[in-house]
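Data block below; observations after.
Just so it is clear, none of the values below were taken in a lab; they were calculated from the coordinates. No experiment lies behind these values; they were computed from the predicted model shown. When we count neighbours, we look across all protein chains shown, and the Cβ atoms used for this are built from the backbone with ideal geometry, even at glycine.
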Amino acid sequence: MAGITFFAPDTDAFVDSVVKHIAEYEEQTGDKVRLRIISSDEYFSNQIQGYLAEAGGADVYMSGPVLLWEHVNQGFVEHLDDYIASEEEKADFADFIPNLIRANRWTGQFGDPLGEGPLLSLPVNCESYNMAYNQDVFEKLDLDLPRSWEEYFETAERIAREVEGVSGFAQRGTTAWHTMYTGFATQYWSMGGVDFDKDGRCAIASSKAAAATEKFLKALKAAGPAGWPRQRWYELAMDFCAGKYGLIVDSDHYVGYYEKQCVSAMAGRIGYAAAPVNSEGRAMPNLWTWSLVMNARCRDKGAAWRFMKWASGRAFLLRAAFEGNMNPTRTSVWEDESFRRAAAGWGNFYEVSRRLAETDGRVLVTPTEKYRLVAERWVKALLEAYDSGKVETALGHAAEDIDQMMGVRG
């Protein structure tokens with residue numbers, strides 16, 4: 001009997017589905033799978049090298065952009081191209097959305113674009129960043145959907161002024177690196193900011209970057225969460241479900257919470273649209289994929305690949321979609337009639353999020369194995385600027401630190 005360990009975070013719908021159905025897999029294959037689930041906060045900190053290095057500690061594990069990049073050159077990522085070399089495997093592999101596969105290929109070199117290099121992981125869940133809005137509030141105030149980020153912030157400020165007990169827009173905070181990766185990054189890149197310039201220097205203190213950041217922080221003060229630096233993603237999503245906000249640009253897979261009758265008081269009364277656009281009329285939503293990675297130190301790679309095929313397969317991902325695992329990473333799941341019928345009651349969610357997964361969403365940040373550290377320093381600067389109001393100073397100091405971190409000399 002073969003045996004592997006699946007290592008993953010809690011509070012994740014895909015992981016919940018694996019846990020729910022793992023006995024079925026073990027019965028089908030005769031393989032034994034040990035489940036090793038830790039808290040999401042610990043997992044997202046990415047201080048998991050000990051688990052990955054330990055014999056049998058993590059044969060297959062969950063990862064995504066930023067987190068995965070840190071492990072590529074540490075010997076914890078098995079390249080997967082050889083595993084899909086047969087015609088049968090290629091045919092099944094073609095069902096994955098190509099845009100999401102590109103996000104899981106990388107050479108391991110700073111600045112090399114995603115989409116080049118070996119396949120590092122198989123996407124089982126994706127999120128990009130749409131705009132969700134409280135239809136009751138929009139109808140009460142007769143609001144139009146904001147198209148630009150300036151309109152988004154203006155609309156949020158009006159909601160905060162005129163609707164008692166409702167804040168203008170929800171926004172995740174905390175010192176975690178992904179505070180910058182989600183809604184903020186989507187707004188920041190749309191307004192002309194970038195993380196690094198063409199010479200590899202940190203650019204978060206440039207004039208465009210500072211202006212975009214200042215608009216964001218000013219709007220947060222006027223219409224965002226009262227305790228923004230303490231807003232974790234899960235609690236924020238639950239507050240939106242409770243009708244406490246008018247707008248949010250964050251993960252489109254929150255629909256799994258928003259439209260769940262037993263969880264959300266707003267089910268059926270939330271609208272979905274593309275995020276506000278840039279000056280050229282184009283939305284620039286960031287992209288994330290939760291993906292399955294085979295640990296290069298795995299002792300039974302045949303058993304690990306069998307598990308990965310099952311957990312990323314069409315049948316499992318279709319079933320998982322009905323258990324809250326949004327969004328699908330396979331074309332066949334999006335096109336399945338039962339999934340279409342289920343999503344039909346969610347307004348424009350299907351059209352918006354399928355387009356985000358297939359074309360519009362892309363990983364905006366510059367790939368580097370140090371990106372978690374870059375993002376943590378960037379977030380620290382955002383929190384400092386929020387408290388002090390000194391945006392240029394906070395960003396300038398952070399840019400200097402990041403250049404030093406990346407080995408960029410004067």
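Using the count of nearby Cβ atoms within 10 Å as a rough guide to exposure, how do Asp403, Asp144, Asp360 rank from fewest to most?
So the residues, fewest neighbours to most, are Asp144, Asp403, Asp360.
With a cut-off of at most 14 other beta carbons within 10 Å, and DSSP calling the residue loop, which GluC sites (Glu not before Pro) in segment 159-217 qualify? Please list them. Answer by residue number: Glu164.
Simple rule: put +1 on each Lys or Arg Cβ and -1 on each Asp or Glu Cβ in segment 158-231, find the dipole, and look at Thr186, Ala219, Ala205; the Cα lying farthest toward the positive end is Ala219. Model label sites at Arg319 and Ala23, defined 7 Å from Cα along the beta-carbon direction, differ in position by 1.3 nm.
So if I take the centroid of the Cα atoms in segment 146-181 and the same for segment 373-410, what is the distance between those two points in Å? Segment 146-181 and segment 373-410 have Cα centres separated by 23 Å. Sparse packing (at most 11 other Cβ atoms within 10 Å of the Cβ) combined with a DSSP loop state is found for the following trypsin sites (Lys or Arg not before Pro) in segment 239-344: Arg282. Against the main long axis of the alpha-carbon atoms of the chain, helix 13-29 sits at an angle near 10°.
Springs between Cα atoms under 10 Å define the GNM used for the chain, and in it the highest mean-square fluctuation of Gln261, Gln171, Gln135 occurs at Gln261. Using 1/(1 + (r/R0)^6) with R0 = 51 angstrom and r between the beta carbons of Lys90 and Val408, what's the FRET efficiency to the nearest 0.05? With R0 = 51 Å, the Cβ-Cβ based efficiency is 0.80.
Hey, what angle do you get for helix 301-311 against the long axis of the chain, alpha-carbon based, 0 to 90 degrees rounded to 10? Between helix and principal axis, roughly 50 degrees.
Helix 371-388 and the longest principal axis of the Cα set of the chain meet at an angle near 20°.
If you stretched the chain out fully between Ala265 and Ile38, how much longer would it get, using 0.36 nm times the residue separation minus the C-alpha to C-alpha distance? Walk me through the intermediate numbers first.
On the way: separation 227, 0.36 × 227 = 81.72 nm, distance 2.93 nm.
The span from Ala265 to Ile38 would gain 78.8 nm if fully extended.
In the structure shown, the pairs Lys90/Lys370; Lys215/Lys260; Lys32/Lys309; Lys198/Lys370 are assessed against 22 Å; a Cα-Cα span above that value is assigned to Lys90/Lys370; Lys215/Lys260.
Reducing segment 195-274 and segment 1-52 to their Cα centroids gives an inter-centroid distance of 29 Å.
Estimate the FRET efficiency between Val163 and Met238 by the formula 1/(1 + (r/R0)^6), using the beta-carbon distance for r and 25 Å for R0, to the nearest 0.05.
Values: r = 19 Å, r/R0 = 0.77.
FRET efficiency, Val163 to Met238: 0.85.
Taking each DSSP H run with n ≥ 4 as -39500 (n - 2.57) and averaging over every residue of the chain yields -12500 deg cm²/dmol at 222 nm.
Label-to-label distance for Glu280 and Gln135 is 3.4 nm, based on points extended 7 Å past Cα in the beta-carbon direction. In this label model, Ala55 and Glu214 are separated by 6.0 nm, measuring between points 7 Å along each Cα→Cβ vector. Annotation for segment 76-147: GluC sites (Glu not before Pro) lying in DSSP loop with at most 15 further Cβ atoms inside 10 Å of their Cβ are Glu116.
Which of His397, His178, His253 has the fewest other C-beta atoms within 10 Å, and how do the rest follow up to the most?
On the way: His397 16, His178 20, His253 24.
Listing His397, His178, His253 from fewest to most nearby Cβ atoms yields His397, His178, His253.
In order along segment 178-191, the Karplus-derived 3J(HN,Hα) couplings, from 6.51 cos²θ - 1.76 cosθ + 1.60 at θ = phi - 60°, round to 6, 4, 8, 7, 9, x, 4, 4, 4, 5, 5, 5, 5, 9 Hz, and Gly and Pro are given as x.
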